[in-house]
Amino acid sequence: MQTVQQEVDERSNLAGTNKFELLLFRLGTDAQGQRNELFGINVFKIREIVAMPPVTAVAGSSPEVLGVVNLRGQIIKVLDLPAIARCKASGLNILLVTEFARTTQGFAVESVEDIVRLDWNQVMSAEHSAGSSIVTSIARLDPADSGSRLAQVLDVETILRNMNPNNRPDVDPGT
């Protein structure tokens, strides 16, 4: 059995290889209610995964903002990732707490599936597919060319940028 330190060392050394780890999760069915697609996010952006705590709604927030949670003394904004990706979730059961660009936020998801280790050659740019602006790439989860199982890798930075447009005043105060 691997020790925690060995697992941390192994994950930390992925940066020097041609590999990375992807957290796989589901957001619910597509807009037509027919497919339940698999999505992914780079594990290095995840701080923790927790069962969905009680969410406090924030007055005047956009529909994609569920509200805020108090997680170990830190107030964290919770975004409705299925709504952002235009999916219909049967329930928001899991909170993915992410940390990057000096911000912490939570993404509500329906379920978490797995963490997979992939070679970068298993990932195709979303420019070659019908991907939206929030999908950076498509990961082939099966080895070699069989590639029958795919996951859409979400660009959480773009999602956050879209949720927090530049806070500039409508009128230039210098005029």
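Which numbered condition trips up Asp114, out of (1) farther than 14 Å from Asn42 by Cα; (2) out of contact with any Gly (no Cβ under 9 Å at 6 or more places or on another chain)?
(1)
Output the residues belonging to segment 147-163 that are open to solvent by 80 Å² or more (accessible area, probe 1.4 Å), at pLDDT below 85 and either hydroxyl-bearing (Ser, Thr, Tyr) or not in a helix (DSSP H, G or I) (or both).
Ser148
So, of the residues in segment 3-35 that are of a type in the set (Ser, Thr, Tyr) and either open to solvent by less than 20 Å² (accessible area, probe 1.4 Å) or within 22 Å of Val153 (Cβ to Cβ) (or both), which turns out to be modelled with the lowest pLDDT?
Start the filter on segment 3-35 by keeping residues that are of a type in the set (Ser, Thr, Tyr), which leaves 3, 12, 17, 29.
From the residues that got through so far, the ones that are either open to solvent by less than 20 Å² (accessible area, probe 1.4 Å) or within 22 Å of Val153 (Cβ to Cβ) (or both) too are 12, 17, 29.
Values: Ser12: 57, Thr17: 70, Thr29: 87.
Among those that are of a type in the set (Ser, Thr, Tyr) and either open to solvent by less than 20 Å² (accessible area, probe 1.4 Å) or within 22 Å of Val153 (Cβ to Cβ) (or both), it is Ser12.
Is one or more of the residues making up segment 103-114 modelled with pLDDT of 95 or more, out of contact with any Ser or Thr (no Cβ under 7 Å at 6 or more places or on another chain) and β-branched (Val, Ile, Thr)?
Yes.
Testing Phe107 on (1) in contact with an Asp or Glu (Cβ under 9 Å, 6 or more places away or on another chain); (2) over 17 Å from Thr158 (Cβ atoms); (3) not acidic (Asp, Glu), one condition comes back false. Which one is that?
Condition (2) is where Phe107 drops out.
Take residues that are open to solvent by 50 Å² or more (accessible area, probe 1.4 Å) and within 23 Å of Leu22 (Cβ to Cβ) and tell me which of the strands (runs of 3 or more DSSP E) falling wholly in segment 36-127 contain 3 or more. Steps first, answer last, please.
Details: elements: 36-42, 46-51, 65-71, 74-80, 94-100, 103-109, 111-119, 123-125.
By residue number, 46-51, 111-119.
List pairs: first residue in segment 82-96 and at negative phi, second residue in a helix (DSSP H, G or I) and crowded, with 19+ Cβ neighbours inside 10 Å anywhere in the structure, Cβ distance under 8 angstrom, at least six positions apart or on different chains.
Ile84/Ile159; Lys88/Pro82; Ala89/Pro82; Leu92/Pro82; Leu96/Leu81
The values are calculated or read from the model by the stated rules, or taken from the named source; none is laboratory data. Since the model is a prediction, treat every value here as computed from it, not as a measurement. Ideal geometry is used to build each Cβ from the backbone, glycine not excepted, and the neighbour counts take in all protein chains shown. Please note that ligands, DNA and RNA were not included when accessible areas were found on the heavy atoms of the full protein model with its side chains. Shrake-Rupley method; radii C 1.70, N 1.55, O 1.52, S 1.80 Å.
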